[in-house]
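S.K.: Here's a structure for you.
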Amino acid sequence: LTSHLAVFYDSNSEDLGTPDDKAALRKAEDIDVPTFLTQVPNEFHFKSPVSLVLANYAPERRFVQELMRKENAAALRSWIKAPDVGWYSIEYAYQRGGVGRSKRGGFNPDFFLLPDATETVFVVETKMDGDVTDQNRGKLKYAHAHFKTINQMLAAEQSDRRYAFHFLSPEDYPRFFASLRNGKLQKFTSTLHAALLT
């Protein structure tokens, strides 16, 4: 809490978890030094199915703050901040400098958003502005292939649900959330996402 981890919670959070969760939250509230502990003032803007949200580093913290803004919350049915490991991992590969041996790994996209007026889940990986790396290019390539396969399977099952993947950095949060509110996220591409496609 005192370095980079943020906790977002609302007035219901204490009662929705275990007694240990309640004690930990109260202990966090009693910390005297500045922290990233944030109580969301309106519980109706907290459209996540969890009792509290943990966010690492500035891009994630700022994205959660945007999700909780009244005008953005009004455009969302629900959203979830994925844990950093062990929840929904996508395997990927990349080559440093575009040559040599491939390095393999897995990453967990940061957010899953379901806007109010669509059956498309928008999967968002947040990064710092200008984070154009071979590793992120690999993540983007494999995430696109991953969700393309899932969408094909959903179409074969005649489901309306679809998934769309976005790389996003803070410089484009205003455009992203404007597109969310206007129902135009399908056509949105961030500056970082576009740079990773080149």
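The values are calculated or read from the model by the stated rules, or taken from the named source; none is laboratory data. Values in this document were obtained by computation on a predicted structure and should not be read as measured data. Please note: Cβ atoms are built from the backbone with ideal geometry, for glycine as well, and neighbour counts cover all protein chains shown. Areas reflect the complete protein model, heavy atoms only, side chains present, ligands, DNA and RNA absent. Shrake-Rupley method; radii C 1.70, N 1.55, O 1.52, S 1.80 Å.
S.K.: Testing Arg175 on (1) closer than 23 Å to Glu66 by Cα; (2) in contact (Cβ under 8 Å) with a residue 40 or more places away in the chain, one condition comes back false. Which one is that?
M.R.: Only one criterion in (1) closer than 23 Å to Glu66 by Cα; (2) in contact (Cβ under 8 Å) with a residue 40 or more places away in the chain is unmet by Arg175, namely (2).
S.K.: Can you pull out the residues in the stretch 84-114 that are more than 21 Å from Asn136 (Cα to Cα) and either at pLDDT below 95 or more than 18 Å from the chain's Cα centre (by Cα) (or both)?
M.R.: none
S.K.: So Lys81 clears everything in (1) of a type in the set (D, E, K, R); (2) surrounded by fewer than 17 Cβ atoms within 10 Å (Cβ to Cβ); (3) modelled with pLDDT of 90 or more; (4) under 30 Å from Val132 (Cα atoms) except one condition, right? Which one?
M.R.: It fails just one condition, (2).
S.K.: If you check Ala93 against the conditions, is it on the phi < 0 side of the Ramachandran plot and in a strand (DSSP E or B)?
M.R.: yes
S.K.: Hey, can you tell me all the residues within the stretch 24-61 that are closer than 26 Å to Asp129 by Cα, of a type outside the set (D, E, K, R), assigned to a helix (DSSP H, G or I) and open to solvent by less than 60 Å² (accessible area, probe 1.4 Å)?
M.R.: Scanning the stretch 24-61 gives Ala58, Pro59.
S.K.: Follow-up. Might you check whether a residue that is of a type outside the set (Val, Ile, Thr) and more than 21 Å from Ile80 (Cα to Cα) occurs anywhere in the stretch 106-124?
M.R.: So the first thing to find is which residues in the stretch 106-124 are of a type outside the set (Val, Ile, Thr), and the list is 106-117, 119, 122.
Narrowing the set further to residues that are more than 21 Å from Ile80 (Cα to Cα) leaves none.
Within the stretch 106-124, none of the residues are of a type outside the set (Val, Ile, Thr) and more than 21 Å from Ile80 (Cα to Cα).
S.K.: Let me ask something else about it. If you take the residues in the stretch 181-192 that are in a helix (DSSP H, G or I) and open to solvent by less than 10 Å² (accessible area, probe 1.4 Å), which one is nearest to Thr120 (Cα to Cα)?
M.R.: Among those residues, the one meeting the criterion is Leu185.
S.K.: Taking only pairs six or more apart or across chains, which ones have beta-carbon atoms under 9 Å, a first residue in the stretch 123-151 that is small (Gly, Ala, Ser), and a second residue that is part of a loop (DSSP other than H, G, I, E, B)?
M.R.: Final answer for the pair search is Gly130/Ser169; Gly138/Gln95; Gly138/Ser102; Ala143/Pro109.
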